[in-house]
1. Assess whether residue 29 counts as being at pLDDT 95 or above, more than 25 Å from residue 83 (Cβ to Cβ) and surrounded by fewer than 11 Cβ atoms within 10 Å (Cβ to Cβ).
2. What's the number of the condition residue 20 fails, among (1) on the phi > 0 side of the Ramachandran plot; (2) under 14 Å from the mean Cα position of the chain (by Cα)?
3. Which residues, taken from the range 71-104, are modelled with pLDDT under 85, under 13 Å from the mean Cα position of the chain (by Cα) and not hydrophobic (A, V, I, L, M, F, W, C)?
4. Go through the range 33-61 and give me each residue that's over 22 Å from residue 82 (Cα atoms), surrounded by 14 or more Cβ atoms within 10 Å (Cβ to Cβ) and out of contact with any Leu (no Cβ under 9 Å at 6 or more places or on another chain).
5. Limited to the range 1-49, what total is found for residues that are charged (D, E, K, R) and in a strand (DSSP E or B)?
6. Any chance you could count how many residues in the range 53-70 are over 18 Å from residue 43 (Cβ atoms) and assigned to a helix (DSSP H, G or I)?
7. Name every residue in the range 62-90 that is buried (at least 17 other Cβ atoms within 10 Å of the Cβ) and either in contact with a Cys (Cβ under 6 Å, 6 or more places away or on another chain) or acidic (Asp, Glu) (or both), in order of residue number.
Amino acid sequence: MPERPKRAAALRYTEGDEAPEVVAAGAGEAARAIVEAARAAGVPVRDDAALAEALSRLDIGRVVPPELYVAVAEALVWAYRLDARAAGGGGGATPPRGTAPRPR
């Protein structure tokens, strides 16, 4: 059985928004380009195949549906902790106000 192409998605969230919005998603070469762009921008990339699969099937511009809230929240907590550690904050930081979620 052939291996399924890898998938990736990028989210954006602005304080006050209903939920994070899908701003990029794709499989194969598109996924590779999303991950490369994130890494080039210094954005940590989370390897979560199930979440990437679900998010990459959403239309660009669509907000994350409620059934994915918990998984997306876990990914955001992971990213905020990485950012806090990188800044020397130890990882227990509260997400910065207005911070856009990063692609995972």
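The values are calculated or read from the model by the stated rules, or taken from the named source; none is laboratory data. Just so we're clear, the structure is a prediction, and the values are computed from it rather than from any experiment. For neighbour counting, all protein chains shown are included, and Cβ atoms are generated from backbone atoms with ideal geometry for every residue, glycine included.
1. When the stated conditions are applied, residue 29 passes them.
2. (1)
3. 99, 101, 102, 103, 104
4. 53, 56
5. First, pick out the residues of the range 1-49 that are charged (D, E, K, R): 3-4, 6-7, 12, 15, 17-18, 21, 29, 32, 36, 39, 46-48.
If we keep only those that are in a strand (DSSP E or B) too, we end up with 7, 12, 21.
The total comes to 3.
6. 7
7. 83
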